[in-house]
Amino acid sequence: MQRKSSPQSRGVNAEEKRFIEWCKEQPSIVSGAYGVEVHHCAGSSAKTYVGAQRVHIGHWFCIPLTPYEHNMYHNRKSEFIASYGVQSALWEALISNYTGDIPENITEAIINYGR
């Protein structure tokens with residue numbers, strides 16, 4: 001189910017929706033197992049800066065995780081990062097297989113997020 005627009009967050013656009021749907025079809029980025037959930041790494045309303053420009057990355061910064069891995073991230077974050085690495089690096093590995101278009105400023109913002 002897609003989140004609706006609210007005063008704090010806009011809804012998902014068509015490009016973002018295609019990316020999220022694609023993520024649902026992928027195996028887990030950490031274990032390769034199928035049956036994944038889409039994890040919004042910084043939350044669906046996340047924004048960051050690329051230079052002076054504010055960029056909405058929330059619906060792009062997603063990775064496929066199994067329910068166990070997703071739960072591990074939320075309950076044992078430091079253990080997850082120690083085992084699998086930072087989410088921006090996982091996302092960068094994920095998009096190497098994506099054939100759609102991701103805006104360049106989005107890619108730059110996510111790769112540099114949290115580093």
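The values are calculated or read from the model by the stated rules, or taken from the named source; none is laboratory data. On a predicted model such as this, the values are computed, not experimentally measured, just so you know. All Cβ positions, glycine included, derive from the backbone under ideal geometry; neighbour counts span all protein chains shown. In case anyone asks, the SASA skips ligands and DNA or RNA and just uses the protein heavy atoms, side chains included. Shrake-Rupley method; radii C 1.70, N 1.55, O 1.52, S 1.80 Å.
Can you name the residue in the range 44-57 that is over 17 Å from Glu92 (Cβ atoms) and in contact with a Gly (Cβ under 6 Å, 6 or more places away or on another chain) and, of all such residues, is surrounded by the most Cβ atoms within 10 Å (Cβ to Cβ)? First the steps, then the outcome.
In the first step, residues of the range 44-57 are kept if they are over 17 Å from Glu92 (Cβ atoms); the result is 44-45, 47, 49, 51-54, 56.
Still in the list and also in contact with a Gly (Cβ under 6 Å, 6 or more places away or on another chain): 44-45.
Numbers: Ser44: 20, Ser45: 15.
Among those residues, the one meeting the criterion is Ser44.
Cβ-Cβ distance below 6 Å, separation of 6 or more or different chains: which pairs start in the range 93-115 with a residue that is over 15 Å from Val50 (Cα atoms) and end on one that is among the β-branched types (Val, Ile, Thr) and open to solvent by less than 50 Å² (accessible area, probe 1.4 Å)?
As it stands, the answer is Leu94/Ile29; Leu94/Ile63, since those pairs meet every condition given.
Determine which single condition Gln2 fails, assuming it passes every other condition in (1) farther than 20 Å from Ala109 by Cα; (2) at pLDDT 95 or above; (3) in contact with a helix residue (DSSP H, G or I) (Cβ under 9 Å, 6 or more places away or on another chain).
(2)
Rundown of residues vs (1) in contact (Cβ under 8 Å) with a residue 12 or more places away in the chain; (2) open to solvent by 40 Å² or more (accessible area, probe 1.4 Å), yes/no style:
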{"position": "Glu15", "(1), (2)": "yes, yes"}
{"position": "Ser31", "(1), (2)": "yes, yes"}
{"position": "Gly35", "(1), (2)": "yes, yes"}
{"position": "Cys62", "(1), (2)": "yes, no"}
{"position": "Asn71", "(1), (2)": "no, yes"}
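Can you name the condition, by its number, that Gln87 falls short on among (1) crowded, with 17+ Cβ neighbours inside 10 Å; (2) free of Cβ contacts under 8 Å to residues at least 12 places away in the same chain?
The single condition Gln87 does not satisfy is (2).
Looking only at the range 10-59, which residues are more than 20 Å from Thr99 (Cβ to Cβ) and outside any loop (DSSP other than H, G, I, E, B)?
Glu37, His39, His40, Lys47, Thr48, Tyr49, Val50, Gln53, Arg54, Val55, His56
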